[in-house]
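To keep things clear, I will list the structure first and then write my remarks on it.
The values are calculated or read from the model by the stated rules, or taken from the named source; none is laboratory data. As the structure is a prediction and not an experimental result, all values here were calculated from the model. Please note: Cβ atoms are built from the backbone with ideal geometry, for glycine as well, and neighbour counts cover all protein chains shown.
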């Protein structure tokens, strides 16, 4: 008896791109708001950014149902942490938690490409970049998602980060000011929307600074 | 060896309903679906109600496998019953029903035994309008207008062009009738009897 195969896939790619840039005392996290499936657009107004803790924001692209399940998981674990430790999780701690949560499902992965941004315990900007099964690295800037192949080289050119192998260890954060970094993000997404069909509609930018959190929106190409 | 487990998984749908289209209008939600149930390419049933009210605030529309829709209705019956049992003056709104159904669909997909439906959940609670969609692998979102199946290709462009915040009831009904007419012309599995709520 031949075993019948399921003729549907439990995964889908809802597209989109996300970017995060770390500065001396701020962090910029941005993602577009388009959700698509195949060649169709499902909705033009879907936020891919979520605030996990006071100083920690995650942007994810990939399969949105898995992203939502992942977010719920992290929210719940963070809540328990707050009850047990009477404080919010720091960004590096959340980074490790996200990595462990992703690896837990190593053999039926969350199809979610994440970028975690925030302020570490010294108030400096930090960005962590992930793959779908949880390998992560602290970097000065990163992009994930369908537009990342277009965005990453541009960011490399503008923000060239020192290699983590260098000795003495050099700071990965960019010397750009907050305003300059936001302008860079807007430019980068406008270019990505030109050529990547899954990126467009609207750009949501979240800036985490010492004074708190700020949101900004910008229109992108709708085609 | 694993054949017992295999025979309990949904592999492909049998009796299916075609698209559901829904919009927000000034005072609430309008949803439309035709009343056909196709058995492959045969139009087997011509009076299936694919739009059902859930509790006091919500409307649920489904396309896809009709038997899975009926099972979802049984789950929701239980949910609403338990909610009423609390007798605390609060009742489940469309957002809660949407969240519940998203979790149900996602968990079934995780077990590789999906409920083969695309669901539209709409409603008004405390003056707040809500319109959302869930599909069989758990993708969910909410928007001002949604459509499932072929409606996504045929009706959504019309809605994007002609929808605005302040549609009256009559304008909304006309807009939905226009969408259903296009679907009747071009969707093989549509029938000319529709339900509009």
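Do any residues in the range B:183-197 that are farther than 9 Å from residue B:36 by Cα have Cβ atoms under 6 Å from those of residues that are part of a strand (DSSP E or B), where the two are at least six apart or on different chains, and which pairs are they?
Between residues of the range B:183-197 that are farther than 9 Å from residue B:36 by Cα and residues that are part of a strand (DSSP E or B), the close pairs are B:195/B:33; B:195/B:51; B:196/B:32; B:197/B:31; B:197/B:51; B:197/B:59.
Are any of the residues in the range B:72-82 within 13 Å of chain A (Cβ to nearest Cβ), over 12 Å from the mean Cα position of the chain (by Cα) and either part of a helix (DSSP H, G or I) or buried (at least 22 other Cβ atoms within 10 Å of the Cβ) (or both)?
No - not one qualifying residue is present in the range B:72-82.
Sort out which residues of the range B:97-125 are within 9 Å of chain A (Cβ to nearest Cβ), closer than 19 Å to residue B:151 by Cβ and touching a helix residue (DSSP H, G or I) at 6+ places or on another chain (Cβ under 7 Å), and write them in order of number.
Result: B:116, single match.
For the range A:171-185, how many residues are out of contact with any helix residue (DSSP H, G or I) (no Cβ under 7 Å at 6 or more places or on another chain), under 16 Å from residue A:156 (Cβ atoms) and either free of Cβ contacts under 8 Å to residues at least 12 places away in the same chain or not in a loop (DSSP other than H, G, I, E, B) (or both)?
The number of residues fulfilling the criteria is 2.
Among the listed residues B:35, B:31, identify the single one that is out of contact with any helix residue (DSSP H, G or I) (no Cβ under 6 Å at 6 or more places or on another chain), surrounded by 22 or more Cβ atoms within 10 Å (Cβ to Cβ) and either closer than 25 Å to residue B:173 by Cβ or away from chain A (no Cβ under 14 Å) (or both).
B:31
Quick check, is residue A:150 outside any loop (DSSP other than H, G, I, E, B), surrounded by 21 or more Cβ atoms within 10 Å (Cβ to Cβ) and touching a helix residue (DSSP H, G or I) at 6+ places or on another chain (Cβ under 9 Å)?
Spelling it out, it is not the case that residue A:150 is outside any loop (DSSP other than H, G, I, E, B), surrounded by 21 or more Cβ atoms within 10 Å (Cβ to Cβ) and touching a helix residue (DSSP H, G or I) at 6+ places or on another chain (Cβ under 9 Å).
Report yes if residue B:41 is more than 14 Å from chain A (Cβ to nearest Cβ), at pLDDT below 90 and over 12 Å from the mean Cα position of the chain (by Cα), otherwise no.
yes
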